[in-house]
Amino acid sequence: MTDRSSTSGALFATRLRLACAAVLWERVWPACWPVLAALGVFVILGLFDVLPRLPGALHATVLLGFAAAIVIPFVSIFRRIAVPDFLTGRRRIERASGLDHRPLQALADRPNGPLDPQAARLWEVHLRRMEAMTRRLRIGIPHAGFATRDPWGLRALLAILLLLAGIDAGSDWRDRLARALTPDFGDRPGAAAASLDIWVTPPEYTGLAPQFLRQGTTETIRIPTGSKLLAQVHGGRSVPRLEIDKDARDFDAVDKQNFQAAATMKSGTQLAVTQSGARLGSWPIEIIPDDPPTIAFAKPPEGTVHAALRIDYRATDDYGVEAAKAVIRREGGNPDETIELELPLPGLHLKEAQSTNYHDLSPHPWAGLPVEIRLMATDALGQTGESEPVRVKLPERRFEHPVARAIIDQRRELATDPSSRLPVADTLSDLREQPQLYRDDTVAFLAMRLAEERLRLNEDAKSIADVQQLLWETALRIEDGSMSLAEREMRRLQQQLQDALAKDAPDAEIERLMKELQQALDRYLQALAEQMARNPEKFQQPIDPSKVISSRDLQRMIDLARDLARNGAHDQARELLSQLQNMLENLRLARPGQMQQQGSGEAQQIMRDMRELMQRQQKLLDRSFQAQQQGQQGQQGQQGQQGQQGRMGQRGQQQGGDQQESNSQMGDAAGQQEGLRHMLGDVMRRLGDQFGDIPEPLGRAERAMRDATEALQRRQPNQAIGPQTEALDQLQQAARDFAQQVQQRMQGQWGMPNNDEIGATDRNPGDRAKRDPLGRPVSNNGTYDQGDVKIPDQNTLQKAREILDELRRRAGERSRPAIELDYIDRLLKRF
């Protein structure tokens, strides 16, 4: 007989081996429970950092105990457990497959001797029956068998504790397990497990937030130079050490369990904290140096119309410019003699500062002499940066009045030769004896008498300097009357107000300076009017009507700046005041509308008509923009009323009335626009008759006006905004071109200077008015706003005032929730 078990072949052999392996697993794995339990308890204690708290000897003893609890059961397992044979494997397969009468064993049996034919047939039937029972064999899943070894279910508790320990250790699990395996045999008693807190605080002037250094971070930590590092270690048995590259220092002991270390970071590439040979934390660092500031002239220094020195500068620093100044040295003079001018910054701790400053150096003895100007900027560390020197001639005041010019000559004589006191006193005596030459001014008379007596009686150098200052002020009074004093006071208040806004001064101080500046501006304009009345021949100059400014324009700028300051927009207010100062410093005294009489009357009228056209077109543009806004608000209100059936009738009547009123306004606006187009046609006809050619911008303006009229007739104000904006731009361009043409004609006839600048509203004739798609003026509109700071328009200011009034009203309703009242109070304190 053959072995019927061999009919299963390789598949049955594989199953038999797997069955033997399953039996071996069921014998070994439950026996490993003591080893696994001991290993799990050690890992839990290590991840919770419990073992390093023990004294070194006790720590070592515990480690030996854990080693014995792991090794001894493990060795016992190999001694006691036998490897299962194939018979055991067959029996497992029979039990797992649910086979009765052990068919696998029957298939492996052999008859003891030869069988007769009947016995052989019976044995064959028996084997076929056993083979039929073994067609579906299974090995079964091995059983862990922990239930018999762990009847209390401690293995579940062990798994939970292991999970919690892993969460507590986090990224520090390697260091904790290393500390658990390395007992410390130092002299100190056991202490709490060490924990590290470390952070870096940048210098205050940088404006950067402190950095908390997290353990396990591999990214390079960028630290500004001069930053303060503070590290705290809680627990541990030995004194920690702070290592910055090769420089190491011990922590200071706060008490037995807490340590602290501080350092100023100025260099280094690696930062680490160690304790008992273990590294608590390590970080790659990069020290960011504080570079000195840079400063340069934005444009070459130049003198203004009023003999003030204009300095435009641009300064930068990585953390903020703290101060800037200009140092002036006389060429060929004593290098120790300098003039230092403080250049106020437009704000605090600015990384990029750009400003324009005006300094009146005409009273200085160096006025009119070549000098060297160098700019210097300083940062918070006291580092300075210098610009390249620029050589200029200091602006010099030129006096037209003969007496004032004579007084200045005597002042210069004193500066050149201090020993010429008596001759100068004699000259002053001769001048004051002729009061009719200086309009019988009692103040000027007394000033010259005082200067004369001081020169005769005092011989010290200080008295000469005082006399020079007195003579300068006397010459100014004779030349300009009270205008020079008013101009000086106005400059002083402008600078004080600029500084107050840049430093966020209290609202009361800003309001006081605003009032004083407005009063000083009134006095200056009054003095300017008096001078124009005394010397009308100075103001007969042709001017560009697009550049004309009036006292009302200046007052409106002051009022707008006050509103901006009241609403908390200090940057915008400061920018507007800077533009006002720029306008006043570059203001040329001219009487608008008065030109040379010979052949200029018609040109004057055309200029006035073009100016009126621009003003009326601007008003129509504003009306179109307001009509568009009202239409959008009406649509939103109509959508918000949908679903309220009870009010639909009243709402419909109101909308019907509003629609009729809107149609009437649009019809009126269309008529006015058409009237402007006819007026422009008349101006173009007169230009053609008088000058032979018509500027091309006027033709484009006429076409734009026609398109705007058609849009207004269709009751579409939004479609009229674009053409109206184009018409206004073309009118401004045509006015500039025409003024330049007239200037050139008059220059050829009377030899007038080619300089039509009377203010700072539009210094570059090529600038075009810039507007957004809705026609609203943006930063450079050819009038006031030429800075980088957006100055709000009137609608924005009105909205801000309404919001402020609403906040004040709600603040008075004390029945509102406390949290809302607190929020409103904080808003009111801010604005």
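Listed conditions (1) in contact with a Pro (Cβ under 9 Å, 6 or more places away or on another chain); (2) farther than 30 Å from L208 by Cα; (3) assigned to a strand (DSSP E or B) are all met by E340, apart from (1). Taking the range 695-706, which residues are in contact with a helix residue (DSSP H, G or I) (Cβ under 7 Å, 6 or more places away or on another chain) and surrounded by fewer than 17 Cβ atoms within 10 Å (Cβ to Cβ)? Residue satisfying the conditions is R706 alone.
When you scan the range 463-479, do you find a residue that is within 30 Å of M583 (Cβ to Cβ), of a type in the set (F, W, Y) and surrounded by 14 or more Cβ atoms within 10 Å (Cβ to Cβ), even just one? Among the residues of the range 463-479, at least one is within 30 Å of M583 (Cβ to Cβ), of a type in the set (F, W, Y) and surrounded by 14 or more Cβ atoms within 10 Å (Cβ to Cβ), which makes the answer yes.
Residues A315, A324, A231, A261: which one is within 26 Å of V392 (Cβ to Cβ), of a type in the set (G, A, S) and touching a Phe, Trp or Tyr at 6+ places or on another chain (Cβ under 8 Å)?
Working: A315 fails: touching a Phe, Trp or Tyr at 6+ places or on another chain (Cβ under 8 Å); A231 fails: within 26 Å of V392 (Cβ to Cβ); A261 fails: within 26 Å of V392 (Cβ to Cβ).
Of the residues listed, the single one that is within 26 Å of V392 (Cβ to Cβ), of a type in the set (G, A, S) and touching a Phe, Trp or Tyr at 6+ places or on another chain (Cβ under 8 Å) is A324.
Which residues, taken from the range 242-269, are among the acidic types (D, E) and within 39 Å of the chain's Cα centre (by Cα)? Reasoning before the result, please.
Our first condition is that a residue be among the acidic types (D, E); within the range 242-269, this holds for 243, 245, 247, 250, 252, 255.
If the condition is that a residue be among the acidic types (D, E) and within 39 Å of the chain's Cα centre (by Cα), then E243, D245, D247 are the ones that fit.
Annotation: of all residues in the range 298-328 being over 25 Å from K503 (Cβ atoms) and of a type outside the set (G, A, S), the one that is surrounded by the most Cβ atoms within 10 Å (Cβ to Cβ) is P301. Residues of the range 671-694 that are in contact with a helix residue (DSSP H, G or I) (Cβ under 7 Å, 6 or more places away or on another chain) and open to solvent by less than 30 Å² (accessible area, probe 1.4 Å): Q673, L676, L680, V683, L687. Only a single criterion out of (1) of a type in the set (A, V, I, L, M, F, W, C); (2) modelled with pLDDT of 85 or more; (3) in contact with a His (Cβ under 9 Å, 6 or more places away or on another chain) is not satisfied by L164, namely (3). Taken together, E710, E612 contain a single residue that is modelled with pLDDT of 85 or more, assigned to a helix (DSSP H, G or I) and within 19 Å of V742 (Cα to Cα), which is E612.
Being buried (at least 18 other Cβ atoms within 10 Å of the Cβ), in contact with a helix residue (DSSP H, G or I) (Cβ under 9 Å, 6 or more places away or on another chain) and assigned to a helix (DSSP H, G or I) is a property that G722 has.
With P284, P346 as the choices, which residue is farther than 22 Å from E372 by Cα, at pLDDT below 90 and out of contact with any Cys (no Cβ under 8 Å at 6 or more places or on another chain)? Explain how you work it out, then say what you get.
Details: P284 fails: at pLDDT below 90.
Going through P284, P346 in turn, just one is farther than 22 Å from E372 by Cα, at pLDDT below 90 and out of contact with any Cys (no Cβ under 8 Å at 6 or more places or on another chain): P346.
I'm trying to understand the selection: among the residues of the range 350-378, which are of a type in the set (V, I, T) and either open to solvent by less than 20 Å² (accessible area, probe 1.4 Å) or part of a loop (DSSP other than H, G, I, E, B) (or both)? Of everything in the range 350-378, those that are of a type in the set (V, I, T) and either open to solvent by less than 20 Å² (accessible area, probe 1.4 Å) or part of a loop (DSSP other than H, G, I, E, B) (or both) turn out to be V371, I373. All conditions in (1) within 19 Å of L208 (Cβ to Cβ); (2) open to solvent by less than 10 Å² (accessible area, probe 1.4 Å) hold for V273, with the sole exception of (1).
Taking L45, is it closer than 30 Å to L177 by Cβ, surrounded by 13 or more Cβ atoms within 10 Å (Cβ to Cβ) and at pLDDT 85 or above? The answer is yes for L45. R439 meets all of the listed conditions (1) open to solvent by less than 80 Å² (accessible area, probe 1.4 Å); (2) over 30 Å from M514 (Cβ atoms); (3) not hydrophobic (A, V, I, L, M, F, W, C) but one, namely (1).
Counting only residues that are assigned to a strand (DSSP E or B) and at positive phi, the range 265-280 holds 0 of them.
Would you mind finding the one in P292, P284, P301 that is in a loop (DSSP other than H, G, I, E, B) and either on the phi < 0 side of the Ramachandran plot or not small (G, A, S) (or both)? Working first, answer last.
Numbers: P284 fails: in a loop (DSSP other than H, G, I, E, B); P301 fails: in a loop (DSSP other than H, G, I, E, B).
Answer to the selection: P292.
Each residue in the range 357-397 was checked for being at pLDDT 85 or above and of a type in the set (G, A, S), and 5 of them qualify. Scanning the range 492-512 for residues being within 20 Å of D480 (Cβ to Cβ) and surrounded by fewer than 17 Cβ atoms within 10 Å (Cβ to Cβ) gives a total of 1. For first residues located in the range 513-527 and on the phi < 0 side of the Ramachandran plot and open to solvent by less than 10 Å² (accessible area, probe 1.4 Å), partners that are of a type outside the set (G, A, S) and outside any helix (DSSP H, G or I) and lie 6+ apart or on another chain with Cβ distances below 6 Å do not occur.
The values are calculated or read from the model by the stated rules, or taken from the named source; none is laboratory data. All values reported here derive from a predicted model rather than from experimental measurement. For neighbour counting, all protein chains shown are included, and Cβ atoms are generated from backbone atoms with ideal geometry for every residue, glycine included. Please note that ligands, DNA and RNA were not included when accessible areas were found on the heavy atoms of the full protein model with its side chains. Shrake-Rupley method; radii C 1.70, N 1.55, O 1.52, S 1.80 Å.
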